Ligand SMILES: Nc1nc2c(ncn2[C@@H]2O[C@H](COP(=O)(O)OP(=O)(O)OP(=O)(O)O)[C@@H](O)[C@H]2O)c(=O)[nH]1
Ligand SMILES: [Mg+2]
């Protein structure tokens, strides 16, 4: 949800809570222990980070969210092969003025990173290398899975970023690339599949063999789309 202005003390409380949560990445809920994974969503303002995370965690589309201040937390627990996996999603602020004092909290103990751009905004795509640089500057290890997501592909006639250019960039970093829409109802399963792909990687602890993942996940996605007739942007 959009956040009202939080005071510094409120942020400190939130971060101390989440820090303790991060440290104990296992919650023991009796017989089933849910493993908790921190996923951060990074990208320019207005690309749709809040809407994507809300679509995945809440299942609906937010038509006019406010700009995120600091960070919004959303989470969703998945049952994967009989194991509870809780994804703790950090929806970060894209506007510099709303993020500057939070950046090291974003990257601390992160388990996966999602870089988002807007396919109708070339500048937001051109910012992706800078976001990738920022991530590396905060000592996020090479084995931490990273993916690139192009959002708003429902706005077909407004597209500014050719899918081929996006694939070239993704290949340059060897990151999986997904294009989707937080708004298009028929894309809901695709948004789920993006987070599920990450969740399976995190659950299996396997480092992301990105080439293999991108081919596999594209094959899985297209198989699933054929089965369920899902549209792919
Ligand atoms: N057409 C379309 N609009 C979208 C989509 N996703 C988000 N939007 C719209 O884009 C605007 C920005 O969305 P947000 O989710 O707030 O963007 P953000 O990346 O969180 O922005 P910051 O919080 O400032 O970093 C809103 O008006 C959304 O309704 C999409 O998939 N398609
Ligand atoms: Mg936001």
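The values are calculated or read from the model by the stated rules, or taken from the named source; none is laboratory data. Given the structure is predicted, the values throughout are model-derived calculations rather than measurements. Note: ideal-geometry Cβ built from the backbone for every residue, glycine included; neighbour counts use all protein chains shown.
Values computed for the structure shown
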item: Among the candidates 182, 163, 139, residue that is buried (at least 17 other Cβ atoms within 10 Å of the Cβ) and either more than 16 Å from ligand 2 (Cβ to nearest atom) or in contact (Cβ under 8 Å) with a residue 60 or more places away in the chain (or both); result: 182
item: Single condition residue 47 does not satisfy, out of (1) modelled with pLDDT of 95 or more; (2) out of contact with any helix residue (DSSP H, G or I) (no Cβ under 8 Å at 6 or more places or on another chain); (3) within 12 Å of ligand 1 (Cβ to nearest atom); result: (2)
item: Residue satisfying all of: in region 60-75; outside any loop (DSSP other than H, G, I, E, B) and either touching a residue at least 40 places away in the same chain (Cβ under 8 Å) or over 19 Å from residue 190 (Cα atoms) (or both); nearest to ligand 1 (Cβ to nearest atom) among these; result: 72
item: Hits in region 58-72 - residues which are at negative phi and within 13 Å of ligand 2 (Cβ to nearest atom); result: 62, 64, 65, 66, 67, 68, 69, 71, 72
item: Residue 158 touching a helix residue (DSSP H, G or I) at 6+ places or on another chain (Cβ under 9 Å) and at pLDDT 95 or above; result: no
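Residues checked against (1) at pLDDT below 95; (2) closer than 18 Å to residue 144 by Cα; (3) within 16 Å of ligand 2 (Cβ to nearest atom):
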position	(1), (2), (3)
4	yes, no, yes
18	yes, no, no
30	yes, no, no
74	no, no, yes
77	no, no, no
83	yes, no, no
93	no, no, yes
98	yes, no, yes
